[in-house]
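In what follows, a structure is listed as structure tokens, so that the remarks can point back to it.
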Amino acid sequence: RRLQVSDEALAIAERLGTESRRCLILSWRAVDRLEGGDVIGAQLDVDSLTRVVEAGKAQRLAGFPRRWSAMRAILAGRLDDAERYVREARVQMLQSGDPNAEAYAGIQGGVITLERGRSAEIAAFLASAGWLFTYRERVAGVAAALAMVELEAGVDRPARSILEAARTDDWSRLREDPEQLGTASWLVEL
């Protein structure tokens with residue numbers, strides 16, 4: 001359904017000639033395609049978005065191609081490359097005035113750090129990232145990811161609470177979660 005809506009929205013944006021909207025739709029459709037297993041289609045959307053950004057027509061999304069590269073590198077286990085891409089994306093996002101620069105860099109950097117088994121660094125990061133706990137209340141995937149980090153540090157209460165709440169409501173919130181695949185993967189880890 002999300003791919004169908006994305007395709008319709010993309011057609012409208014192309015008809016109206018709104019490049020920044022077109023790129024925003026391409027970014028979301030790339031994620032949807034990736035979640036559906038269409039890695040090639042997702043990369044084609046990112047390539048289209050990248051061309052528009054490089055032409056200077058959607059600078060607000062300047063960091064997306066590097067964020068995407070970081071995510072692909074994380075999935076492939078190329079963590080050194082991923083760290084470099086995260087840094088580059090953060091700089092591009094800050095330069096374009098994107099208010100989410102620190103959040104995206106922090107989340108992707110946290111995943112890299114977690115994958116490397118450096119839980120002490122994660123604990124230090126969490127102590128300095130109060131903004132992240134605001135997201136915990138609103139974004140199920142963030143809540144589950146933070147619970148995973150806390151579980152790695154030996155604190156199991158948040159993980160137990162999240163799993164119990166999910167079971168109690170028969171996983172209905174997960175079915176409604178726009179980032180269902182990410183949230184589900186954290187729940188599986190928990």
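Just so it is clear, none of the values below were taken in a lab; they were calculated from the coordinates. On a predicted model such as this, the values are computed, not experimentally measured, just so you know. We place every Cβ from the backbone using ideal geometry, glycine too, and count neighbours over all the protein chains shown.
The dipole here belongs to segment 3-47: it is taken about the Cα centre, uses +1 on the Cβ of Lys and Arg and -1 on the Cβ of Asp and Glu, and is about 140 debye. When Rg and Dmax of the Cα atoms in Å is calculated for this entry, the matching label among (1) 17.4, 53; (2) 16.5, 55; (3) 16.2, 48 is (1). To the nearest ten degrees, helix 64-76 and the longest principal axis of the Cα atoms of the chain are 50 degrees apart.
Taking the centroid of alpha carbons for each part, segment 1-50 and segment 141-181 are 29 Å apart.
Rounded to the nearest 10 degrees, what's the angle between the helix 101-115 long axis and the longest principal axis of the chain, both from Cα atoms, 0 to 90? Helix 101-115 sits at roughly 50 degrees to that axis.
Each stretch of four or more DSSP H residues adds -39500 (n - 2.57); spread over every residue of the chain, this sum gives -25000 deg cm²/dmol at 222 nm. Once the Cα atoms are used to define both axes, helix 157-168 deviates from the longest principal axis of the chain by about 70 degrees. Working from Cα pairs under 8 Å separated by at least six residues, relative contact order for segment 79-190 is 19 percent.
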